[in-house]
Amino acid sequence: MKYKAIIFFFGMICCLGCGGEDVLPKPKAMLRLQFPDQAYHDWQDGCGYAFQVNTIAEPKKEENCSMVLYYPMMKASVFITYKKVNNDLTTLLRDAQKLSYEHAVKADNIFDHLFVNEEDRVYGMFYEVTGNAASQSQFYATDSLNHFVTGSLYFYSKPNYDSIYPAALYLQKDIRRILETLRWKNKKDPSSKNPNRSR
């Protein structure tokens, strides 16, 4: 009888100790991505515009002064298209805005940020896209007279906003830097030296 009481006592302890929350498997975690500190240098390749680019980016000039900024570490690129304004500014603006909002189908949200630099005549818009859209950032800029630039950020992977979020934030800073440092190179730039000017 004594042994039965001891066995019963230990059985009760085991039952009470086992009671509680069910053990659940841990969710899959994303890798913590670390990127180098952002450092910039001037970029210009004989086109109608210049700006600062991240030192880890690999700029490649395309046709008609368009270009691509490759980011091999992040498997991403910023595609930049340059066009001259030929009395078609309204059309260029409409096309740039349309392209940005085409991503709204897959996006959770699109935040637009107006950019104005009166001193250097840079007027534009920066779009931050959240969700599993094809492009996480877009922008356009113009001097409203001669130059028009558009840009889009793309990753070489199936859109998964949670996994690319750290890289998207990093590259959005680079895009903002492009807008902040964008300068137009006009042929008739009043600041340029005139070789015929008397000394």
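The values are calculated or read from the model by the stated rules, or taken from the named source; none is laboratory data. Note that the coordinates shown come from a computational prediction; the quantities given were computed from them, not determined experimentally. Don't worry about glycine lacking a Cβ; one is built from the backbone with ideal geometry, like all the others, and counts go over all protein chains shown.
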Test each condition in (1) crowded, with 17+ Cβ neighbours inside 10 Å; (2) at pLDDT 95 or above; (3) more than 18 Å from residue 141 (Cβ to Cβ) for residue 55 and report the one that comes out false.
(1)
Restricted to region 169-188, and to residues that are surrounded by 11 or more Cβ atoms within 10 Å (Cβ to Cβ) and at pLDDT below 90, which residue is nearest to residue 69 (Cα to Cα)?
185
How about region 40-153: which strands (runs of 3 or more DSSP E) wholly inside it have at least 1 residues that are over 18 Å from the mean Cα position of the chain (by Cα)?
40-43, 49-54, 58-61, 76-84, 107-117, 122-131, 135-142
Can you tell me how many residues within region 32-52 are in contact with a strand residue (DSSP E or B) (Cβ under 7 Å, 6 or more places away or on another chain) and surrounded by 15 or more Cβ atoms within 10 Å (Cβ to Cβ)?
8
Checked 191, 198, 100 against criteria (at pLDDT below 90, small (Gly, Ala, Ser) and closer than 19 Å to residue 66 by Cα); the one match is 100
Any residue in region 135-152 that is among the hydrophobic types (A, V, I, L, M, F, W, C) and either at pLDDT below 85 or farther than 17 Å from residue 182 by Cα (or both)?
no
Can you tell me which of (1) surrounded by 15 or more Cβ atoms within 10 Å (Cβ to Cβ); (2) closer than 25 Å to residue 63 by Cα; (3) without any contact (Cβ under 8 Å) to a residue 60 or more places away in the chain is the one residue 128 doesn't meet?
(2)
